[in-house]
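Worksheet: one structure, shown below.
The values are calculated or read from the model by the stated rules, or taken from the named source; none is laboratory data. Bear in mind the structure is a predicted one, so any value in this text is a computation, not a measurement. Because the Cβ atoms are built from the backbone with ideal geometry, glycine has one as well, and the counts that use them run over all protein chains shown. With ligands, DNA and RNA removed, areas are computed over all heavy atoms of the protein, side chains included. Shrake-Rupley method; radii C 1.70, N 1.55, O 1.52, S 1.80 Å.
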Amino acid sequence: GIYVCSKCGHELFSSRAKYEHSSPWPAFTETVHEDSVSKRKERPGALKVSCGKCGNGLGHEFLNDGPTRGQSRF
């Protein structure tokens, strides 16, 4: 399935990009579309992520914390 923004319904992540992670939150390796999210640097190793359409806060992208080396985790 497709995970969408709770505020505007914009497509964000696919269940195909979801994987098990030790955090209690869903973890994804990539977005559905290039413009699914907007990002801004918050601190070293983490970007603040918002809906690419309405700006609703979605959490973070953690750099180099994905399931494979060099991959990020949303």
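Annotations for the structure displayed:
- Charge sum, other residues only, whose C-beta stays under 11 Å from Ala46's C-beta, Lys/Arg counted +1 and Asp/Glu -1: +3
- Carbon/sulfur fraction of accessible area - segment 2-62, other protein chains in place, 1.4 Å, %: 48 percent
- GluC sites (Glu not before Pro) lying in DSSP loop within segment 31-74, provided at most 12 other Cβ fall within 10 Å: Glu34
- Counted charge near Ser23, where neighbours are those whose Cβ lies closer than 14 Å (Asp, Glu -1; Lys, Arg +1): -1
- Considering only alpha-carbon pairs that sit under 8 angstrom and 6 or more positions apart, the relative contact order computed for the chain is 23 percent.
- Kirkwood-type radius of the chain, with distances r between different C-alpha atoms, in Å: 12.4 Å
- Estimated inter-spin distance, Asn64 and His21, nm [label 7 Å along Cα→Cβ]: 1.6 nm
- Within-14-Å neighbourhood charge of Gly1 [Cβ basis; K, R +1; D, E -1]: +1
- Sparse-neighbour loop sites [trypsin sites (Lys or Arg not before Pro); the chain; at most 15 other C-beta within 10 Å; DSSP]: Lys7, Arg69
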